[in-house]
1. Taking the Cβ of I79 as the centre, find all other residues whose Cβ is under 14 Å away and add up their charges (Lys, Arg: +1; Asp, Glu: -1).
2. Within a Cβ distance under 11 Å of Y19, other residues only, what is the Lys/Arg minus Asp/Glu net charge?
3. With no solvent and one point on each alpha carbon, what is the Debye value of log10 I(q)/I(0) for segment 82-154 at q = 0.26 Å⁻¹?
4. Using the charge dipole of segment 2-92 (Lys, Arg: +1 at Cβ; Asp, Glu: -1 at Cβ; taken about the Cα centre), state which of A44, N25, Y4 has its Cα farthest towards the positive end.
5. If you find the alpha carbon centre of segment 18-39 and of segment 63-125, how far apart are they in angstrom?
6. First obtain the Kirkwood hydrodynamic radius of segment 1-105 from its Cα pairs, then insert it into the Stokes-Einstein equation at 37 °C and 0.692 mPa s, and state the resulting D in µm² per second as a whole number.
7. Going by average Cβ neighbours within 10 Å, how do the peptides 147-157, 20-30 rank, with the highest at the top?
8. Can you tell me the order of 49-60, 174-185, 112-123 when each peptide is scored by its average per-residue count of other Cβ atoms within 10 angstrom, highest first?
Amino acid sequence: MDEYEVGSTIKLTVTFKDYDGNLINPTTVTLIIILPSGSTVSIAVDSIYNEGLGIYYANYTITEVGDHTYTYTGETPAIDFSEVHSGFFAAVQHLATDIDALLPQLRLYLGDITEPFRYTTPTLRSAVIFAIKVLMRKWRSKYKIDSVGTVTRNPNYTFEFAAPPTIQYYDEPPIIVQAAIVLKSGIMQEASWQVGSWRDDEIQVSNIEANKARDKSLERDIEWLDKYFKRRLFTAAMEPLPGFEYPPNYREG
């Protein structure tokens with residue numbers, strides 16, 4: 001069952017076919033959503049959109065936590081056609097945490113800024129928490145993470161700035177880049193099984209170049225993070241994030 005956060009807008013899609021299995025546009029299409037509370041939401045006909053032959057969708061903004069059921073009905077009286085499709089999804093609501101302040105920046109860094117998002121909020125939170133765990137050794141465990149993923153400051157570490165926020169501002173860039181590495185590494189592993197190319201007399205398809213671009217993006221992140229910590233150990237020289245240049249008149253040293 002697909003899982004989304006309360007407040008997010010999701011796309012509910014359906015495909016209609018006639019008795020012979022051919023795609024068909026019914027005369028009327030209706031959509032009913034049964035909420036966890038037991039009440040129902042009827043989506044207005046003018047809010048159901050035709051995306052192609054036999055393909056319809058509606059956008060729904062989730063308001064309740066729990067399991068949802070939705071049912072599409074397509075009817076064409078002229079040929080006595082009627083078809084019903086049902087689907088399910090779950091809605092959850094996560095309490096805001098200190099690391100949530102990093103999530104918009106992580107989305108921006110990943111280019112995941114337009115709904116529907118590629119990454120869910122729980123996925124980004126998990127990536128940030130794992131990133132902090134990865135960086136613990138470099139930071140001598142300046143942050144602590146409990147069993148439910150709550151991040152706190154280590155009282156045995158001397159911080160330059162008082163909380164809040166829990167995470168010091170200049171610690172945010174390496175956490176964001178490390179979280180991006182975690183996410184991109186997962187994508188690379190998945191994509192490695194799909195890399196290839198083929199062609200016939202008319203069409204040529206290849207995703208090899210796209211895979212190379214992902215490789216380079218991941219390599220840039222790893223290189224930046226390595227350089228960041230080397231500089232932090234020996235000097236306070238400024239280091240730009242990947243994709244951003246030094247100021248025109250900046251001189252190192």
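1. Details: positive: K17; negative: D18, D20, E75, D80, E83.
In short, -4.
2. Values: positive: K17; negative: D18, D20, D80, E83.
Computed value for this residue: -3.
3. So the normalised log intensities are -1.27.
4. Farthest towards the positive end: A44.
5. After rounding, the separation between the Cα centres reads 18 Å.
6. On the way: Rh = 15.3 Å.
This corresponds to a translational diffusion coefficient of 215 µm²/s.
7. Numbers: 147-157: 11.7, 20-30: 13.5.
Averaged packing, sorted descending, gives the order 20-30, 147-157.
8. Working: 49-60: 15.0, 174-185: 21.4, 112-123: 13.4.
Result, highest mean first: 174-185, 49-60, 112-123.
Readers should treat all values here as calculations from the given coordinates under stated rules, not as data from a laboratory. Because the structure is a prediction, the values reported are computed rather than measured. Glycine also receives a Cβ, built like all others from the backbone with ideal geometry; neighbour counts cover every protein chain displayed.
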